[in-house]
Amino acid sequence: MQSEVEKIQSALRDVIDFEIGLDVMALGLIRNIEITDDTVIITMILTSPMCPMASFMVQQVQERASEVSGKSVEVVLGREMWKPDMMEQEARNALGI
């Protein structure tokens, strides 16, 4: 049986970074998921500080996590700089990295 965090992680695979064509989990953009009794707090980073899709992706992460958890979701943008080595191995292979 999947934990609540695993259910959210699975749902977030539906959120695609359209510039790269991979989901936010594969890219390593979701850095932390914290669950309390009534709230989910997701720390997320972007591939670029000037990402034109940032607000759309944050909204999509919030919506998908809320759908599967039934809780209020807050998405916090972390300050950590994204690096290609944060990606899952399959994602790196798909991009030839």
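Roughly how big is the chain's charge dipole about its Cα centre, with Cβ charges of +1 (Lys, Arg) and -1 (Asp, Glu), in debye to the nearest 20?
Roughly 240 debye, rounded to the nearest 20.
Looking at region 47-93, which trypsin sites (Lys or Arg not before Pro) are in a loop (DSSP not H, G, I, E or B) and have at most 12 other Cβ atoms within 10 Å?
R79
Please report the antiparallel percentage of DSSP beta bridges with both residues in region 4-80, rounded to the nearest 5.
55
Using only Cα atoms, locate the centre of region 42-65 and the centre of region 1-40, then give the distance between them in Å, rounded to an integer.
11
Rounded to the nearest 500, what is the 222 nm mean residue ellipticity of the chain from helices alone, with -39500 (n - 2.57) per DSSP H run of 4+ residues and division by all residues?
So the calculated ellipticity at 222 nm is -10000 deg cm²/dmol.
If you take the beta carbon distance between M81 and M1 as r and set R0 to 30 Å, what does 1/(1 + (r/R0)^6) give as a FRET efficiency, to the nearest 0.05?
0.25
Of (i) 70, 28, 25; (ii) 40, 31, 20; (iii) 59, 31, 19, which one was derived for Cα extents along the principal axes in Å from the structure shown?
Looking at Cα extents along the principal axes in Å for this model, the match is (ii).
Measure nothing fancy, just the Cα-based angle from helix 54-69's long axis to the longest principal axis of the chain, in degrees from 0 to 90, nearest 10.
40
Of the options N93, F18, T43, report the single residue whose Cα projects farthest towards the positive end of the charge dipole of the chain (beta-carbon charges: Lys, Arg +1; Asp, Glu -1).
After comparing all options, I get N93.
Spin-label point model (7 Å from Cα, Cβ direction): what's the I16 to S48 distance in nm?
1.9
Any read-out appearing in this document is the output of simple, stated calculations on the displayed coordinates, not a laboratory observation. Fair warning: this is a prediction, and the values are worked out from it, not measured in the lab. Positions of Cβ are backbone-derived with ideal geometry, glycine not excepted, and every protein chain shown enters the neighbour counts.
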